[in-house]
Amino acid sequence: MAVSGVFLRAAHDRWPGWAIGAVILTLLLLFGMLAYRDVELSTFSEFPEAYRSLLRIGDDVDVGGLAVGYVFGAFGGIVVAVMALVMGASSIAGEERNGTMKILLANPKSRTHVLASKAGALALLAGLAVFALWIPVQPIAALLDVEIGGLQVEAMALHLFVNGVFWGSVAMAIGAVTGNRNTAIGATTGILVLSFFAVGLLPIVEGLEELRKLSPWYYFDGSDPLRNGVAWGHLAILLAASAVFLAMAVAGFNRRDLKSQSVGTTLLDRLRGNPRLNRVIGRLAGSARVSSIWAKTVSDHQAMLLITSAAMFLVLGVLLGPTYAGLSPEALSAYEALPEELLALVGGGDMSTPEGWYTQETFGLMAPLAVILVTAVMGAGALAGEESRRTMGLLLANPIRRSRIVIEKAATMAVFAALVGIATFAGVALGSVWGDLGMSVGNIAATAALQVLVGLVFGALALAVGAGTGRTSVALFGAAGAALAFHLLTSLAKISDGLADVAWLSPFHFYLGSDPLRTGMDWGNAGVLIALSVVFFGLSLALFQRRDVRLSAEG
């Protein structure tokens, strides 16, 4: 493989994931326009200005503006950012993990050339994905007789593209400096979640409005480009920040001793470094033997787990309790006037109560997103990742059944999901105590348990797709895309009579459909989520048993 082909190879390896994301977002746009046509739009214009700003609802409310803003601004921003950060994290650290970096650098090209080629491929795919999403907007609107003439979709698309490049650059910098793909994904995702959360929460807390300008997400859609056009100053800030992170990536990549394989120092490695603990750890985890499958999986994903759990515990758990307690009476009275149908768009919940506050700000979107991030990444990498790293052959060379590999990988994924749920539970429970909100600890535990179960559904789906295809990107983005589509179905079913009858098709219906933060555990819903996870897990076993495993790098 010549280095002159680094750009094309990177684009070739990653285009299926970007294509899946673009197709899913296009379907969501069609889906959204169909649903919003059944909604009474006049109600939206009566909402408080701060809340309309949060949802990007302008003075002239229309079906096209709601649908395009929702898909391009909210879900589209998250999807494109996540795809970009995954690709950015894999660009350098992923090559080291897969053991292919030495092949690249054996050619007469500099490290800077390799990194620039990777960055160029990321920008190209992000641009093509956004372009593919923008192209069908006008035809879909014409087909459904939806007016979008006053919307500046091109400006929104440009902001979407630059935002994706920014998050990809952040992940690329962290990956190039650390050489650890999972650290890059986990750290960048944590920053992304905090940024998204800050832009949504700070404007509704008196005295903190201006702090949202410290968040990168503010420069993506804080100027409302869909209605106001391109904010060149905001884009300049994002592009300048992207250039800084790329420069950091170049500096870190050029100065660091590279790894020919994934050998980063982990917690397990540090424990093994202690002579007194080495023998015990060796017996528990093994070394290169197959007995270390679970330990290797833990080591591979521990950074992502720690960052995600910390964000759920502190920011989306503990801090939200006193924040709600400190809201002004005017803000609370404004929330009391908001209908449940509107709140469904951002997760649901009656904002006049602590349970409703935590349902919307934590459990509605961020909590399932956090656990699905962990399970989908682990599920996609469990089998397909081993193949792409060319380590599956080492596992299968041992006297071990394929089913054991699947079981140990899935069990570790379930433990990680449970740990994220425990962190969420602990954070919300402590936040309730700190803010003197009086929420039921049992109901918090029930909701966190359902959060774990819905995450396992999509983690098991990623495991099944990876077992069937052997491609990490297809498994990851396929599961993430399914989660996105089903979450939107659940949200829109609450505001559209035409979709109410099919809401049960979504796993998220069995997550918060019974309002567990108020009513406690619904064991029937929990049973459905467990059954779905078991079905996908069984499918993983069957597909992995029957497929010829690839022993070369993905591509």
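The values are calculated or read from the model by the stated rules, or taken from the named source; none is laboratory data. Values in this document were obtained by computation on a predicted structure and should not be read as measured data. Note that each Cβ is placed from the backbone with ideal geometry, even for glycine, and that neighbours are counted across all protein chains shown. Just so you know, the surface numbers come from the protein's heavy atoms only, side chains and all, with ligands and any DNA or RNA stripped out. Shrake-Rupley method; radii C 1.70, N 1.55, O 1.52, S 1.80 Å.
Numbers for the structure displayed
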quantity: Among the residues listed as F477, F458, the single one being outside any loop (DSSP other than H, G, I, E, B) and modelled with pLDDT of 90 or more; calculated: F458
quantity: Qualifying residue in region 413-422 (condition: touching an Asp or Glu at 6+ places or on another chain (Cβ under 9 Å) and either under 26 Å from G17 (Cα atoms) or surrounded by fewer than 24 Cβ atoms within 10 Å (Cβ to Cβ) (or both)); calculated: no
quantity: Test for A310: is it at negative phi, among the hydrophobic types (A, V, I, L, M, F, W, C), open to solvent by 20 Å² or more (accessible area, probe 1.4 Å) and at pLDDT 75 or above; calculated: yes
quantity: Residue within region 180-188 that is at pLDDT below 85, crowded, with 19+ Cβ neighbours inside 10 Å, part of a helix (DSSP H, G or I) and of a type in the set (S, T, Y) present; calculated: yes
quantity: Sole exception among (1) buried (at least 18 other Cβ atoms within 10 Å of the Cβ); (2) modelled with pLDDT of 70 or more; (3) among the β-branched types (V, I, T) for I57, by number; calculated: (2)
quantity: Sole residue being under 26 Å from G76 (Cβ atoms) and open to solvent by 50 Å² or more (accessible area, probe 1.4 Å), chosen from L499, L476, L505, L484; calculated: L505
quantity: Residue match in region 28-40 (condition: open to solvent by less than 40 Å² (accessible area, probe 1.4 Å), at pLDDT below 70 and not in a helix (DSSP H, G or I)); calculated: yes
quantity: Cross-chain or 6+ apart pairs with Cβ under 7 Å, region 439-455 first and more than 10 Å from V428 (Cβ to Cβ), then acidic (D, E) and open to solvent by 30 Å² or more (accessible area, probe 1.4 Å); calculated: none
quantity: Hey, A74 at pLDDT below 85 and more than 23 Å from A119 (Cα to Cα) or not; calculated: yes
quantity: First in region 1-16 and open to solvent by 60 Å² or more (accessible area, probe 1.4 Å), second anywhere and modelled with pLDDT under 80, Cβ under 7 Å, 6 or more apart; calculated: M1/I103; H12/G555
quantity: Some residue of region 459-481 being touching a residue at least 12 places away in the same chain (Cβ under 8 Å) and closer than 30 Å to T353 by Cβ; calculated: no
quantity: Top-ranked residue in region 508-525 [being among the hydrophobic types (A, V, I, L, M, F, W, C) and surrounded by 19 or more Cβ atoms within 10 Å (Cβ to Cβ); ranked as farthest from the chain's Cα centre (by Cα)]; calculated: L517
quantity: Count of residues meeting criterion [open to solvent by 40 Å² or more (accessible area, probe 1.4 Å) and assigned to a helix (DSSP H, G or I)] in region 427-444; calculated: 5
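The rows are residues; the columns are (1) hydrophobic (A, V, I, L, M, F, W, C); (2) touching a strand residue (DSSP E or B) at 6+ places or on another chain (Cβ under 7 Å); (3) under 30 Å from P322 (Cβ atoms); (4) without any contact (Cβ under 8 Å) to a residue 12 or more places away in the chain.
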residue: A411; (1), (2), (3), (4): yes, no, no, no
residue: A418; (1), (2), (3), (4): yes, no, yes, no
residue: L484; (1), (2), (3), (4): yes, no, no, no
residue: H487; (1), (2), (3), (4): no, no, yes, no
